[in-house]
Amino acid sequence: MKISQYGLDSTPSLSSKLIGTDTSDSNITKNYEFAAIAQLINENTQFASVLVANSTVSQVPSGVGVATQVSFGPAQSNAAVSLAANGLVTFNQTGLYMINGYGSIERQGSSGGVSIILFRFLVNGVQASAVKGFHLDSTDVVVPYEITFPLNITTIGTTISFEIMRDASGTGSGLNQGGLYPHTNLSGWSNIPSADLNIWQLQ
């Protein structure tokens, strides 16, 4: 059977149809609605976990205006991603990934003044999202920060990383305080890490 060339519809709808072969019915030709195809793809789209990592140590900048790369525990590697001990993630396969990063932001030390803690995400060493900021005007207050986003990796060897900084816009004794701190729980639950990273890959 020969199918002639028809005009191009640049605005298909979910009720539009495609021609296909039904392999479960003697390979006969049938029409399939876009809606049914989209549902089939959705039902068979799965993300598999490829990295689970967290740090149990305090991570504090060495001074005001000094960027500190966030680490996520010991180095580890698999076919999809590699994590270095300094927190740098390298992608070993192309594809669509889902990234979830967490930081337990806290100010410790003397009271007074204001600590301004900055947080950012980088791809290949270049800032890839807006800088996030945290205003801490007292000690012993934990501010959990979590970010989740998709990332399409088209080049093997692409890297991602996270950084924190104590900004010079802080004041008084709080100027050079604040960072990522773990917390020991007494309830029987697992402890709170200073930083946590989870990555899933679309299968």
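The values are calculated or read from the model by the stated rules, or taken from the named source; none is laboratory data. All figures in this text were calculated on a predicted structure; none of them were measured in a lab. All Cβ positions, glycine included, derive from the backbone under ideal geometry; neighbour counts span all protein chains shown.
Observations on the structure shown:
- If only residues of segment 100-128 that are surrounded by fewer than 18 Cβ atoms within 10 Å (Cβ to Cβ) and β-branched (Val, Ile, Thr) are counted, the one that is farthest from Val52 (Cα to Cα) is Val126.
- Criterion (more than 18 Å from Ile199 (Cβ to Cβ) and in a loop (DSSP other than H, G, I, E, B)) met by exactly one of Ser104, Ser62: Ser62
- Entry remark, segment 134-175: residues being within 27 Å of Leu51 (Cβ to Cβ) and not hydroxyl-bearing (Ser, Thr, Tyr) number 18 in total.
- Of all residues in segment 128-166, those satisfying the criterion of being more than 14 Å from the chain's Cα centre (by Cα) and in a strand (DSSP E or B) are Lys132, Gly133, Phe134, His135, Leu136, Val142, Val143, Pro144, Ile164, Met165, Arg166.
- Among the residues making up segment 69-83, those that are surrounded by fewer than 19 Cβ atoms within 10 Å (Cβ to Cβ) and within 14 Å of Ala195 (Cβ to Cβ) are Gln69, Pro74.
- Test: residue in segment 122-139 that is hydroxyl-bearing (Ser, Thr, Tyr), out of contact with any helix residue (DSSP H, G or I) (no Cβ under 9 Å at 6 or more places or on another chain) and modelled with pLDDT under 95: yes
- Every residue from segment 153-178 that is surrounded by fewer than 21 Cβ atoms within 10 Å (Cβ to Cβ), among the small types (Gly, Ala, Ser) and over 21 Å from Gly95 (Cβ atoms): Ala168, Ser169, Gly172, Ser173
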